[in-house]
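Undergrad: This is the structure I want to talk about, given as structure tokens.
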Amino acid sequence: MKVRDLLRDAEAKLTEAGVPNAAYDARIMLEEAYGKTSAELLMELDRSLCPGATGGTEPAGGQQCPGDCGAMLTYRASVSQRLRRVPLQQIIGHAGFMGLDFKVNRHVLVPRQDTETLVETVLETEKDKDIRLLDLCTGSGCIAISLKYYGGYRDVTMSDKDRDALHVAIRNASIQKTEIRAVQSDLFEAFQENPAEGREAERFDVIVSNPPYIRSDVIETLDPEVRDHDPWIALDGGADGLDFYRRILKEARGHLVPGGRIWLEIGYDQAEDVVGIAQENGYTGVTVRKDLAGLDRVVGATLL
């Protein structure tokens, strides 16, 4: 058996199991197992595999193994995970976002291209680098880190309720060499006024968030990669999907400076509701931005 046979076998199994993008996933996992680029792997396709790695007989004593047994065994294990619908990015341990590479695991959502619209919107509109910026529900930290990396903002804080998720974000900030404060907090809890400690409420020039916004009864209908492997704490937005928007837009009033702005990612069908919540809480200049697919994706608002 050659490397190309192993690849075709994996493609066939993934396709039969109904895994989306089977050919792509099979190739990416093989590149990761080998530690090679696509171009480098192309040169390996006719390499013979070690019989031991393919379930055959090990080479005779003293005979050099013609292939990389460790890489092949790693690849078979990765394919087995993908057949169980573990997301590709969780299997390989990283995902691309805004041209950067982020570590991911079962504790954080895999960064989505849709969320790049939020980052790009903030970069386009918030030109002053001398600002304080807060990213709520940071997960992998991809939003806060991308904004610090490309925007060069003076003071960026990322926060998350989940300690395990925050550890992933801290690691990603270190990998990207970005100086970002990390705070474990249930939304604004850690930023509240505390007279006993002589602490005033923290205020920010800009607040951003991609909060949980999927309706509770919809989660069970999602693809297995999301339903069974993404953290539900990062998905569940309550009965109507709007719980976090109500909390954030109400509580942010005490944590934005006058004239401060808030930017929120939304579900494609939530713009009208989130705009209404913002206006009910006294925000002005409420705007909606669309993503590359032409769907409503970001709501922005100003607190005067």
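Undergrad: For the structure I just gave you, tell me whether Glu40 is loosely packed, with under 13 Cβ neighbours inside 10 Å, at pLDDT 95 or above and more than 24 Å from the chain's Cα centre (by Cα).
TA: No, not satisfied.
For every residue, the table says whether it meets (1) touching a strand residue (DSSP E or B) at 6+ places or on another chain (Cβ under 7 Å); (2) at pLDDT 95 or above; (3) in a loop (DSSP other than H, G, I, E, B); (4) more than 30 Å from Ile207 (Cβ to Cβ).
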| site | (1), (2), (3), (4) |
| --- | --- |
| Ala53 | no, no, no, yes |
| Gly56 | no, no, yes, yes |
| Gly62 | no, no, yes, yes |
| Pro66 | yes, no, yes, yes |
| Tyr75 | no, no, no, yes |
| Val79 | no, yes, no, yes |
| Arg82 | no, yes, no, yes |
| Val108 | no, yes, yes, no |
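Undergrad: Just one of (1) assigned to a helix (DSSP H, G or I); (2) surrounded by fewer than 23 Cβ atoms within 10 Å (Cβ to Cβ) trips up Ala169, so point out which.
TA: (2)
Undergrad: Quick one: count up the residues across segment 24-37 that are surrounded by 14 or more Cβ atoms within 10 Å (Cβ to Cβ) and free of Cβ contacts under 8 Å to residues at least 60 places away in the same chain.
TA: Number of matching residues: 7.
Rundown of residues vs (1) assigned by TED's automatic domain parsing to the domain that holds Cys69; (2) of a type in the set (Gly, Ala, Ser); (3) outside any helix (DSSP H, G or I), yes/no style:
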{"residue": "Ala12", "(1), (2), (3)": "yes, yes, no"}
{"residue": "Gly18", "(1), (2), (3)": "yes, yes, yes"}
{"residue": "Tyr24", "(1), (2), (3)": "yes, no, no"}
{"residue": "Met29", "(1), (2), (3)": "yes, no, no"}
{"residue": "Leu41", "(1), (2), (3)": "yes, no, no"}
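Undergrad: Output the residue which, of all residues in segment 175-184 that are part of a loop (DSSP other than H, G, I, E, B) and without any contact (Cβ under 8 Å) to a residue 60 or more places away in the chain, is nearest to Gly254 (Cα to Cα).
TA: Ile180
Undergrad: When you look at Asp164, is it in contact (Cβ under 8 Å) with a residue 24 or more places away in the chain, among the charged types (D, E, K, R) and part of a strand (DSSP E or B), yes or no?
TA: In short, no.
Undergrad: Do we have Ser159 as outside any helix (DSSP H, G or I) and out of contact with any His (no Cβ under 9 Å at 6 or more places or on another chain) here?
TA: Working: outside any helix (DSSP H, G or I): yes; out of contact with any His (no Cβ under 9 Å at 6 or more places or on another chain): yes.
So Ser159 passes the test.
Undergrad: Could you check, for segment 124-136, whether at least one of its residues is in contact with a Gly (Cβ under 6 Å, 6 or more places away or on another chain) and over 28 Å from Leu88 (Cβ atoms)?
TA: Yes: one or more hits.
Undergrad: What about Gly259, is it in contact with a strand residue (DSSP E or B) (Cβ under 8 Å, 6 or more places away or on another chain), of a type outside the set (S, T, N, Q), surrounded by 14 or more Cβ atoms within 10 Å (Cβ to Cβ) and more than 18 Å from Ser185 (Cβ to Cβ)? Talk me through it step by step, then tell me what you get.
TA: Numbers: in contact with a strand residue (DSSP E or B) (Cβ under 8 Å, 6 or more places away or on another chain): yes; of a type outside the set (S, T, N, Q): yes; surrounded by 14 or more Cβ atoms within 10 Å (Cβ to Cβ): no; more than 18 Å from Ser185 (Cβ to Cβ): yes.
When the stated conditions are applied, Gly259 does not pass them.
Undergrad: Same structure again: If you go through segment 247-289, how many residues are under 16 Å from Val119 (Cα atoms) and within 19 Å of the chain's Cα centre (by Cα)?
TA: Taking segment 247-289 as the starting set, the residues that turn out to be under 16 Å from Val119 (Cα atoms) are 261-267, 287-289.
Subset that is within 19 Å of the chain's Cα centre (by Cα): 263-267.
Within segment 247-289, residues that are under 16 Å from Val119 (Cα atoms) and within 19 Å of the chain's Cα centre (by Cα) number 5.
Undergrad: Right, another one. Here are some conditions: (1) buried (at least 21 other Cβ atoms within 10 Å of the Cβ); (2) at pLDDT 95 or above; (3) more than 30 Å from Thr302 (Cβ to Cβ). Tyr153 meets all but one. Which one does it not meet?
TA: (3)
Let's see how each residue does on (1) closer than 20 Å to Val86 by Cβ; (2) surrounded by 12 or more Cβ atoms within 10 Å (Cβ to Cβ):
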residue	(1), (2)
Glu189	no, yes
Asp217	no, no
Val226	yes, yes
Leu235	yes, yes
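Undergrad: If you scan segment 116-168, which residues turn out to be of a type in the set (Asp, Glu), within 24 Å of Ala201 (Cβ to Cβ) and within 16 Å of the chain's Cα centre (by Cα)?
TA: Once the filter is applied, which keeps residues that are of a type in the set (Asp, Glu), within 24 Å of Ala201 (Cβ to Cβ) and within 16 Å of the chain's Cα centre (by Cα), segment 116-168 yields Asp135, Asp160, Asp162.
The values are calculated or read from the model by the stated rules, or taken from the named source; none is laboratory data. All values reported here derive from a predicted model rather than from experimental measurement. Virtual Cβ from ideal backbone geometry, glycine too; neighbours counted across all protein chains shown.
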